[in-house]
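Laboratory data are not the source of any read-out in this text; all were calculated from the coordinates shown. Just so we're clear, the structure is a prediction, and the values are computed from it rather than from any experiment. A quick note on method: Cβ atoms are made from the backbone with ideal geometry, for glycine too, and the neighbour counts reach across all protein chains shown.
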Amino acid sequence: MSDPSAPHLLLGCCDYPEHVPETLWASYAQRQRAAGLSFSRIAEFAWSRMEPRPGEYDWAWLDRAVEAYHAAGLRVVLCTPTATPPAWLIRAHPEILAYDDQGRMREFGSRRHYDFASPVYRAHSQRITRALAERYGKHPAVAGWQTDNEFGCHGTSRSYGGASAAAFPGWLRARYGTLDALNGAWGNVFWSMEYSDWSQIRPPILTVTEPNPAHVLDYARFSSDLIRDFQAEQVAVLRECSPGRFVTHNFMIFESGFDHYRVAEGLDFVTWDNYPLGMLEFFAPPGTGEALKLRYAGTGHPDLISFNHDLYRGLLASPGLGREGPGTPNGFWVMEQQCGPVNWAPYNPVPELGAVALWTAQAWAHGADVVSYFRWRAATMAQEVMHSGLLRHDGEPDQGLAEVAAFDPAPCRTGEVPARVALLHDYESLWLYDVQRHSASLSYWTQVLTFYSALRSLGIDVDVISADRDLSGYAVIVAPAVTLMTPERAARWAQAVEAGARLMCGPRTAFRAPGGGAWESGQFGPLQALVGVKLRRYDSLRPGLTRQVSGGFEAEAWAESYELHGAEVQHTYESGPLSGQVAVTRRGGVTVIGAYSPALVRHVLHSVLQEAGLDLLDLPEGVRVSRRAGQTLVQNWTQDTVTWAGQAVGPVQFLFQGARADNLG
Ligand code: GLA
């Protein structure tokens, strides 16, 4: 049995005292503690209760709520309430509101109704943060802070009018210095898009046909910087008024609207919100369609979930991420863990029996130190009355609470995930890939998940990290879709290969230069010497159209071919207009695959990983293995019983390798 005193996974929940009668606060807090919870996250949407009228603070209710959690032995994560500015503020300053990509103002009446660039809002954000932190920043129950809530949720990473539109030209001027430099970097000569004055530049929306991808890229970079700066202002106030408490944010599933590596700077660690069933509806892996959604309807797909865990674990090493304050865990948190049906997907099934426990164990195995469930009690009001909680609307326990209360976290010791493989991720590449997909069947995430899923099906633990991160220590580096290349990035990858790492690059790698256009020297640009190839042709395949590839494989959706410049041929196309041309190459420890084929990706990866001396597993569909702190978690995501090392693992259950600890008795 594990050492019960060793640091292990802790549990928590998201609670809303302002949503229920005060007579319930103490009993709810006591029931949370009795269920084995250690944290309660509160107040992210409570601004109108904290400040019902301009300058009139009402802290009395929050004082009593914090005391109720404190009395029950819970630690509180307090949130800055800036995701929901109150009506009195918005009606006094409508310039705070943001604009969608059709140029329409997004009205008050739900949440996230603000523009990150609004000077008025930035001032009020700092003011309410300071008022809150001055009052609770040193309270013994307050463990730390969450900034705002889910930057980017509801497509709010960017505002395309108002304050953001006004700030954009100044950001460009600071970046490029002169209009000649801007026009040159964007290639504005192309359709007479050259600017002769900074004031002529607007957000990249409502253009007759597609906007300049360089314009879109820089607007995404600009908007990312706005979010980073907005948060940094809150973090500075929290550091000043609440020393020794952690500061984090709750990021989201596959959020693409901003650069997480830049926005996470300055946080102590990161958290994210894990909704496996809703996620499946929007991100089912490529070429799987309805069959996969049916198979995983009650559990979610393991790789979609663990990819996000691995991405957020990889954020911990972002520059500027400290670990200030006592009790700050080494890992990340799941701040909102689905524990029943959500309300926002096309279909919102109940989780399979055991799924909440499986999600909890998987989160731990991929590096989470805290799993906090959303939400304590189902909401009886407003937009989320159809969303589940650990308690039903009537306050009675739901299935999720039964699984949480039965979950034994003692075997889930905190510690490192021993990944020897790095998968490189880059938001600027994501934006460029998706702004000119050239194939309606593909996206940046689809391509990345094809490589990630192949690694996981081979039993490989993966660090998902920034394409600009230090790569020393990795045996294999996989770059599925890093389409933007810089000389510095190329040099860092070459250095890692020189040090003995193997590198595998996916289609479209290094097609783009930093300005967003194509490299004039041809694809791979500064990476050409390392990969030993140049791009020859690229073929975008409609569904049903495939190209045969040597070795019995079929390319679907995308087929690019290469000229050899020092590399050797591994696979060639055997049908279509690229027949006889090169599909997969190898130069020393560097492999490039231009044919989009999940089977071929897995086959080539298998060889690269084997050569690197990594232990591989040929896992059956729906079975996953994850390792952490010297333990191995075997997970069965299917509806059938599977056998692992002579032990039966039931449907939607898990066990620790070598010891039956499936937490479900
Ligand atoms: C997001 C938000 C929560 C809630 C949940 C519902 O994660 O952060 O406030 O709306 O979704 O699943």
Exercise for review: Translational diffusion coefficient, Stokes-Einstein: compute it for the stretch 327-476 using the Kirkwood radius over C-alpha pairs as Rh, at 20 °C and 1.002 mPa s, and state it as an integer in µm² s⁻¹.
Suggested key: 118
Check your understanding: For the residues Trp171, Trp637, Trp445, what sequence is obtained by ranking on other C-beta atoms within 10 Å, fewest first?
Key -> Trp171, Trp445, Trp637
**Study point:** Kirkwood Rh and Cα Rg combined as Rg/Rh, the stretch 567-665
**Key:** 1.16
Practice item. Scan the chain and hand back the longest stretch that contains none of the GluC sites (Glu not before Pro) lying in DSSP loops with at most 11 other Cβ atoms within 10 Å. Key: 108-519
Exercise for review: Enter the Cα centre distance for the pair the stretch 430-478 and the stretch 27-51, rounded to the nearest angstrom.
Suggested key: 37
**Study point:** Using a Förster distance of 35 Å, the FRET efficiency for Trp344-Leu564 (Cβ separation, nearest 0.05)
**Key:** 0.10
Check your understanding: So between Ser607 and Ala402, what do we pick up on full extension, going 0.36 nm a residue minus the alpha carbon distance?
Key -> 69.4 nm
Exercise for review: For the stretch 59-180, give the magnitude of the charge dipole about the Cα centre (Cβ charges: +1 Lys/Arg, -1 Asp/Glu; no others), in debye to the nearest 20.
Suggested key: 200
Review point. After finding the eigenvalues of the alpha carbon gyration tensor for the stretch 1-90, what semi-axes result from the square roots of 5 times each, listed largest first in whole Å?
Key: 30, 14, 9
Point to revise | For the stretch 109-179, size of Cβ-based charge dipole, Lys and Arg +1, Asp and Glu -1, in debye | key: 140
Study note, to complete from the structure: Pseudo-spin-label distance Ser540 to Asp63, built 7 Å along Cα→Cβ, given in nm, is 6.3
Check your understanding: Summing -39500 (n - 2.57) over the DSSP H runs of n ≥ 4 in the chain and dividing by its residue number, what mean residue ellipticity at 222 nm do you reach, to the nearest 500 deg cm²/dmol?
Key -> -9500 deg cm²/dmol
Exercise for review: Please list the helices of the chain that count as membrane-span-like by this rule: a mean Kyte-Doolittle hydropathy of at least -1.0 together with Cα atoms stretching 27 Å or more along the helix axis, each helix being a complete DSSP H run.
Suggested key: 213-241
Review point. Is any residue of the stretch 614-655 close enough, with backbone N under 20 Å, to a label point placed 7 angstrom from the Cα of Ala410 along the Cα-Cβ axis, and if so, which?
Key: 628-634, 654-655
Review point. Which length gain, in nm to one decimal place, applies between His139 and Arg173 when the Cα-Cα distance is subtracted from 0.36 nm times their residue separation?
Key: 7.8 nm
Revision key, fill the gap. quick note, the chain, DSSP beta bridge pairs, % antiparallel (nearest 5) is 45
Exercise for review: Search the structure for amide H atoms under 5 Å from the amide H of Thr271, placed 1.01 Å from N in the peptide plane, and list their residues when 5 or more places away or on another chain.
Suggested key: His249, Phe251, Trp333
Check your understanding: Under Stokes-Einstein, with the Kirkwood radius over Cα pairs standing in for Rh, what whole-number D in µm²/s applies to the chain at 4 °C and 1.567 mPa s?
Key -> 50
Exercise for review: Provide the gained length on full extension for the span Ser472 to Gln639, in nm with one decimal, where the gain is 0.36 nm per separating residue minus the Cα-Cα distance.
Suggested key: 56.1 nm
Point to revise | Charge-dipole axis of the stretch 372-482 as Lys and Arg at +1 and Asp and Glu at -1 on Cβ define it, positive-most pick from Gly415, Ser472, Trp376 | key: Ser472
Point to revise | Ranking of Thr572, Thr156, Thr643 by count of other Cβ atoms within 10 Å, fewest first | key: Thr643, Thr572, Thr156
**Study point:** Distance cut-off 14 Å, percentage of C-alpha pairs in the stretch 434-514 lying past it
**Key:** 65
Review point. Counting Lys and Arg as +1 and Asp and Glu as -1, each charge on the Cβ, what is the dipole of the stretch 101-234 about the Cα centre in debye, to the nearest 20?
Key: 560
Review point. For the stretch 88-226, treating each Cα as an identical point scatterer without solvent, what Debye log10 I(q)/I(0) comes out at q = 0.10, 0.18, 0.20, 0.22 1/Å?
Key: -0.43, -1.04, -1.20, -1.35
